[in-house]
Structures are given as structure tokens and as C-alpha cells.
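Novice: Can you keep this structure in mind? I'll have questions shortly.
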Amino acid sequence: MRETTLAFILASLSTSCLADVEFLHWWTSKGESKALNVLEQHLLEHNIPLTHSPILGGGGDSAMTVLQARALAGNTPDIAQIEGPSIKAWDDVGIVHTINQTALEQNWDQNLYPLTIDINKTDNGYVALPITLHRLNWMWVNHSLLEKLELSVPKTWPEMFQAMEKAKQADLIPLAIGEQAWQVALLFESLVIANGGVDFYYKALVELQRDHIDTEQMRLALRQLRQISNLVATQHPNQNWDTATQALAENKALFQLGGDWILGDLLASDVKVPEQIGCYSAPQSHNAFLYNMDSFIFMAASDFTQQQATEVANALADKTFQAKFNQTKGSIPVRTDIDLTGFNPCQIQSHDDFIQATKNGLAVPSMTDSMAVNPVAQQAINSEIFRYYRSPEVTEDEVLKRIISIAKST
Ligand code: GAL
């Protein structure tokens, strides 16, 4: 065989033999889509074309329901976005590829944060590829409206309520929030930390210790949640989080409380952060770093082999790509060895706060955003909190009793 022909055949074999790789996720906002574009371009450079299967509904509840249905039908996507304890649950089902070869080549045991390893590694080794570390207890502040109202940045919830009252009197949206269970429950988490402190939050909502659920701290958090509900007229039923961010950016809303995926959307809309919209710890955060983490699992199937999964994982584990992806997404990298030059000041702050919080045992997983309890309990608790937020006739006693019975079932 002529040498050139052989060389040509070998060269074509060396490129990816991957047909389209199907990716199931819930990244559909402006900032999320921009980050997805970084991911898609990076994979294309590795001859790995991506087919998106986006599931509407931030937070991922709907996406996880679709993933379960597809697995039951024997029709899994190749890769799926996933968070927290679900990773181990899917590994236990036995339809997830390991990515230990990638982990070894990338030295993950040395250069991932310990909590990143805990979340993505099981007895089978690494079964998920970690990609973002989001901080959730952020308060996003519209500086021009704050100035117009002659207010300073609230440090406590009493100050927050005063500021929100003043905004409401000025016909502004006091707090931009999407009318969805996971967003309201996420707000409740910050109130529990504010009223009980980090250790109390962990015992009550991460460990679901029953003697921490019907307590004065939880009741105070519920009363404040009801106060917010009365203050914040329903903006748009079932409004997505990014529609709320739009209102903040367009000087219609004074505050938004939520994760730094909000930063990703602000940057994608060319909003100047922190000049126009500033990032601050949620009131009375007690130096907590409330986090969630996005990972990818690689679903074992006849048309997506271990070798193909390893090829895709090797490409996605690339440090330079991970840096660019996080910079666009608004999160911070999951690795300790990525330089943050060029990241937004809010991301630098997030990173520094994370390091401090980890040192002081104040980095805690978000229960409402899939990092702490099994998805059934999480979604049940989120919906009880949401029902209380939306329906004035639901009492504190009733919602706490229901959360206790959910805790008993876990
Ligand atoms: C979270 C996810 C983030 C962001 C957010 C809003 O669960 O970790 O990456 O997408 O939902 O959709």
C-alpha cells in the first residue's frame, strides 16, 4: 500500500470516530447559552459535534424527570447535566461510564477541591465530570436605583425589608424573583442561614434533623418569606429566573437573590458588573458559602461506548476550556490550579470567599438546588415551601409538619 494512502487512513482514524454526541441539559438562558457555545466550539475543535437536548426550567427538576423517563425507555442521551447526590444514584443504577482514565491524566485527586472529589467520585472511581462551582447566597443590587432611593446596601434582613418597602413605594420591583418552587426555596435557604446560622442550616435542611425543623429559627424564616411574598406582587406566574434578571438589568427591580448564573446572564447582556449591578453576600450570611456544582455524567449505551465517553471527557476536562467556560457561566472553576486572570471581580470575590469558608467549615451545599438530599425529598420540600409562599392560608404549623414527615421518609 502506498505510504501516503496509509498515512491518510491513519490520520483519519486518529480524529474522533464520534458521530453527534447528544447532551441533555437545562441551560437555556442568555448567559447559559453563551457558555454552551464555548463548550460546543471546544468539542468541535476535537471533531466532536454536539446535539443539544435542552429541557426548559432552570434548576434542573424537569431535566432530571426527562432523564429518568428516557432511561426507563432505554433511550438515554450520551451526556447529561447533573448535580450532587443524583450522581451516586445514577452510578448505582449501573448505566453510567466511569471516567477514571481522564481523572488520572488530569491528576484530579491532586487538583480538584476535596468537596468536588466527594461529589463526583464513588466506589467505582470518578463517574461524573465536574465543571462549575456556583455560589448561591448572592444578593445582586441595582446601584443606580439604590442611589436614587438614597439607600445603602442592606447587611441585615430588617435593613433589606426597609429597602424593599422603599422600592415598592417608588413603584419599583423590590426583589426580582421567578415564580418557581426552586427559586423561592433557594430564597428560604438564605433566610434559614440568616436566622439560624450555618450550623443550624446544615442540621435542619441538609441533615433534615427533625428536632431542628419545628424551631423558632425556621418559623422566623417562614414569617420573613411570607413578608417577602406580600411585598413582591406576583411578577409573572412561573417566571424564569433570567426574566427576573432582565428586570434587574433594566432598572425595573432593585434586588435579586440567587446564584452567580445571574452574573453569566448580566455579562451576556453587556451589563457592567459590579459597576451597574453589584454582587454582595445575602443579608446575614455569616460568611457562609452556599454552593451547588454542575457535573456531566456519560450514559453507557451501545452507541456511546466507554472509549467514546473517555474521548469526550478528555476534551471537557481541559483546563483552558474549563477556565473559559466558567468565566462565561458566572461560576468559578472546580479545580484548584486554574488562574482567575480575566475573571469578573464578583468571581474573584466568590473564589476568595470559598477558600475562606472552606477553611472555616462554612461552605455548605444547597439542599434546594440538588446538592444535599435525595431528589424526591428535595422537590417535595421545595414544593411545600413554594405552596406556603403562594398561599396565605397555609400556616407555619402545616408546612413544618409536612417537612418533618418528608424528613421521616428519607
Ligand atoms: C442550577 C445550575 C446552574 C444554573 C441554574 C439556573 O441548578 O447548577 O448552572 O443553570 O440552575 O438554571
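Novice: Of all accessible surface on region 348-388 at a 1.4 Å probe, what whole percent is carbon and sulfur?
Specialist: Details: 870 of 1540 Å².
Ligands and nucleic acids excluded, carbon and sulfur give 56 percent.
Novice: Still on this model: Grab the other residues whose beta carbon is less than 14 angstrom from that of Glu22, score K and R as +1, D and E as -1, and report the net.
Specialist: Working: positive: Arg70; negative: Asp20, Glu40, Asp78, Asp303.
Residues near Glu22 contribute -3 overall.
Novice: Also, I was wondering about something else. Could you tell me the center-to-center distance, by alpha carbons, between region 148-222 and region 109-124 in angstrom?
Specialist: A separation of 31 Å, based on Cα centres.
Novice: Which order do peptides 310-319, 352-361 fall in by mean Cβ count within 10 Å, highest first?
Specialist: Details: 310-319: 19.6, 352-361: 14.6.
Ranked from most to least packed, the peptides come out as 310-319, 352-361.
Novice: Another question, if that's okay. Calculate, axis by axis, the spread of Cα positions in the chain along the three principal axes, and write the results as whole Å, longest axis first.
Specialist: 83, 47, 39
Novice: Tell me, in nm to one decimal, what length is gained between Asp171 and Ala73 on full extension, where the rule is 0.36 nm per residue of separation less the Cα-Cα distance? Write out the running numbers ahead of the final one.
Specialist: On the way: separation 98, 0.36 × 98 = 35.28 nm, distance 5.03 nm.
So the extension gain works out to 30.3 nm.
Novice: Further, regarding this structure: Which whole-angstrom value gives the distance between the alpha carbon centres of region 265-298 and region 26-67?
Specialist: Spelled out, the Cα-based centre of one part sits 19 Å from the other.
Novice: Which of Trp261, Ala247, Pro274 sits farthest toward the positive end of the charge dipole of region 236-275, with +1 on the Cβ of Lys and Arg and -1 on the Cβ of Asp and Glu?
Specialist: Checked the options; the winner is Ala247.
Novice: If I model a spin label at Asn47 and Thr358 as a point 7 Å from the Cα along the Cα→Cβ vector, what separation in nanometres do I get?
Specialist: Output for this residue pair reads 3.7 nm.
Novice: Charges on Cβ only, +1 for Lys and Arg, -1 for Asp and Glu, centred on the Cα centroid of region 45-194; of Trp138, Leu112, Val93, which one is farthest towards the dipole's positive end?
Specialist: My answer, from the dipole projection, is Trp138.
Novice: Residues of region 216-322: accessible area per residue at 1.4 Å, in Å²?
Specialist: On the way: 3840 Å² over 107 residues.
Accessible surface, normalised per residue, equals 36 Å².
Novice: Whole-Å semi-axes of region 247-363's equivalent ellipsoid, largest first, each the root of 5 times a Cα gyration tensor eigenvalue? Show your work: numbers first, answer last.
Specialist: Values: eigenvalues 183, 67, 39 Å².
Equivalent ellipsoid semi-axes, largest first: 30, 18, 14 Å.
Novice: Expected output is a single nm value to one decimal: the length gained when fully extending between His286 and Gln306, i.e. 0.36 nm times separation in residues minus the C-alpha distance. What is it? The partial results should precede the final answer.
Specialist: Working: separation 20, 0.36 × 20 = 7.20 nm, distance 4.44 nm.
Using 0.36 nm per residue and subtracting the Cα-Cα distance, I get 2.8 nm.
Novice: In addition: Filter the cross-link list Lys34/Lys272; Lys34/Lys148; Lys121/Lys408; Lys272/Lys359; Lys203/Lys329 down to pairs whose alpha-carbon distance in this structure exceeds 24 Å. The partial results should precede the final answer.
Specialist: Numbers: Lys34/Lys272 17 Å; Lys34/Lys148 32 Å; Lys121/Lys408 28 Å; Lys272/Lys359 31 Å; Lys203/Lys329 31 Å.
With Cα atoms farther than 24 Å apart: Lys34/Lys148; Lys121/Lys408; Lys272/Lys359; Lys203/Lys329.
Novice: In whole angstrom, and with the biggest value first, how far do the Cα coordinates of region 197-278 range along each principal axis?
Specialist: 47, 26, 22 Å, listed from the longest principal axis down.
Novice: In addition: Explain nothing, just the number: dipole magnitude of the chain about its Cα centre with +1 on each Lys and Arg Cβ and -1 on each Asp and Glu Cβ, in debye rounded to the nearest 20. Write down the numbers at each step before the final one.
Specialist: Working: 28 positive and 47 negative charges, 127 e Å.
For the chain, the charge dipole is close to 600 debye.
Novice: Something else about it: Once the principal axes of the Cα atoms of region 359-410 are found, what is the range along each, listed largest first in whole angstroms?
Specialist: 43, 22, 16
Novice: Working with all protein chains in place, sort Ile131, Ile406 by solvent-accessible area computed with a 1.4 Å probe, largest first. List each step's numbers first, then the result.
Specialist: Details: Ile131 0, Ile406 20 Å².
Greatest to least solvent exposure: Ile406, Ile131.
The values are calculated or read from the model by the stated rules, or taken from the named source; none is laboratory data. On a predicted model such as this, the values are computed, not experimentally measured, just so you know. Using ideal geometry, Cβ is built from the backbone for each residue, glycine included, and neighbour counts are taken over all protein chains shown. For the accessible areas, the whole protein counts, side chains as well, though only heavy atoms, and no ligand, DNA or RNA atoms are used. Shrake-Rupley method; radii C 1.70, N 1.55, O 1.52, S 1.80 Å.
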